[in-house]
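Right, one structure below, let's go through it.
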């Protein structure tokens, strides 16, 4: 893109100063973000069935009237000799319940991996070149 600007040969016709702009290309690098994927993170509830096996205890008071002994009264009724009566003291029952506990912690985060990028870019610039032109009467 040469721009030949000739100065007028007549010094009286030339202005005192003439402005010539020298230009050059400067590097302008833009970055464009390309999205490769989107991620959605969510917790999903799953259900499983577990079989609970345990032993339930019933505790009873066992009363047996011994033969030839004094009379034994249970709930107002006399026991005959050798007769046995049981009174339930307590009985366990199963009450299945649920409790939410933390079983695992999952840490989520984003990380950035920086990679170097190198490219050669040619930039053009202008220089001022002055060629002296012979005037009339100058030896060649």
Mind listing whichever residues of region 15-49 are assigned to a loop (DSSP other than H, G, I, E, B), loosely packed, with under 10 Cβ neighbours inside 10 Å and touching a strand residue (DSSP E or B) at 6+ places or on another chain (Cβ under 9 Å)?
22
If a residue must be closer than 30 Å to residue 98 by Cβ, surrounded by 10 or more Cβ atoms within 10 Å (Cβ to Cβ) and free of Cβ contacts under 8 Å to residues at least 24 places away in the same chain, how many such residues does region 52-78 contain?
0
Under 30 Å from residue 22 (Cβ atoms) and within 46 Å of the chain's Cα centre (by Cα), is that true of residue 121?
yes
Condition met for residue 81 (out of contact with any strand residue (DSSP E or B) (no Cβ under 6 Å at 6 or more places or on another chain), surrounded by 10 or more Cβ atoms within 10 Å (Cβ to Cβ) and farther than 30 Å from residue 27 by Cβ):
yes
Listed residues 90, 117; which is in contact with a strand residue (DSSP E or B) (Cβ under 9 Å, 6 or more places away or on another chain) and either farther than 30 Å from residue 45 by Cβ or loosely packed, with under 10 Cβ neighbours inside 10 Å (or both)?
90
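Since every read-out is calculated from the coordinates, none of them should be taken as a lab result. Because the structure is a prediction, the values reported are computed rather than measured. FYI the Cβ positions are ideal-geometry reconstructions off the backbone, even for glycines, and counts take in every protein chain you see.
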